[in-house]
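The values are calculated or read from the model by the stated rules, or taken from the named source; none is laboratory data. None of these values were measured; they are calculated from a predicted model. Heads up, the Cβs are rebuilt from the backbone with ideal geometry, glycines too, and the neighbour counts pull from every protein chain shown. Note: areas computed on protein heavy atoms with side chains; ligands, DNA, RNA excluded. Shrake-Rupley method; radii C 1.70, N 1.55, O 1.52, S 1.80 Å.
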Amino acid sequence: IQPEIEASYKEYLAALRRAGQAEDTEKAWGLAGTFVDPERDRARTIAFADSQAYMAQLGQHGSVTGPDGKIPVGYEHHADTWWKAWGEHLSEGAYDLPSSLVGTPDEVIEKLHRMYEEFGFKNVIMTINQGGTISQREVLRTYELIAEKVMPAIRDLGAPAVAAAS
């Protein structure tokens, strides 16, 4: 979860404009780390521990270094130092970004509205428990909160407004 994600969204929209295309995100998908809990601090603590585990896994299994200890030609920009730097700069402050759906139901609703208003994104993939450290009970509770609180509040996001009959 980094500010670069939001910069990428903005660059995607700018590239569409430069290509003479409408700023349509109907076919674009946003990816957002997600964990919803009634308590903000608890949501952040649980999600942060899981993000740390995920980054450790990427560092271990996402390595491009060959068996000889060298980075293959063409993979220089995807080297181990990138994974390590990304993980080392991980902080709970990243959960303030709209591209992070970590927090209370109300916070997540607000972030989804902001994602739509600022970037036009309606299609969001919610990644939950990427690090594999969150219990099944907690994951199911997050799903329940999304279904019961978040989805009803964003169901009509981006839908045309219906004029009231007079």
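Couple of notes before you dig in:
- Residues that are modelled with pLDDT of 75 or more and among the aliphatic types (A, V, I, L, M) do occur in region 98-105.
- The residue that is modelled with the highest pLDDT, among those in region 1-27 that are outside any helix (DSSP H, G or I) and under 15 Å from the mean Cα position of the chain (by Cα), is GLN2.
- Selection status of LEU58, open to solvent by less than 40 Å² (accessible area, probe 1.4 Å), part of a loop (DSSP other than H, G, I, E, B) and modelled with pLDDT of 65 or more: no
- When region 8-44 is filtered for residues that are over 16 Å from SER99 (Cβ atoms), free of Cβ contacts under 8 Å to residues at least 12 places away in the same chain and either in contact with a Leu (Cβ under 6 Å, 6 or more places away or on another chain) or open to solvent by less than 90 Å² (accessible area, probe 1.4 Å) (or both), the ones remaining, listed by number, are ALA14, ALA15, LEU16, ALA19, GLY20, ALA22, ARG42.
- Considering residues of region 111-122 that are touching a residue at least 12 places away in the same chain (Cβ under 8 Å) and assigned to a helix (DSSP H, G or I) only, the residue nearest to ARG42 (Cα to Cα): LYS111
Each row is one residue, and each column tells you yes or no for (1) out of contact with any strand residue (DSSP E or B) (no Cβ under 8 Å at 6 or more places or on another chain); (2) under 21 Å from ASP41 (Cβ atoms); (3) crowded, with 16+ Cβ neighbours inside 10 Å.
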| site | (1), (2), (3) |
| --- | --- |
| GLY93 | yes, yes, no |
| LEU101 | no, yes, yes |
| ASP106 | yes, yes, no |
| VAL124 | no, no, yes |
| GLY132 | yes, no, no |
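- Residue pairs meeting the criteria (Cβ under 9 Å; at least 6 apart or on separate chains; first closer than 11 Å to ASP37 by Cβ, in region 135-152; second open to solvent by less than 40 Å² (accessible area, probe 1.4 Å) and of a type in the set (Gly, Ala, Ser)): THR142/ALA43
- Selection from region 95-120 of residues that are over 12 Å from the mean Cα position of the chain (by Cα) and on the phi < 0 side of the Ramachandran plot: THR104, PRO105, ASP106, GLU107, ILE109, GLU110, HIS113, ARG114, TYR116, GLU117, GLU118, PHE119
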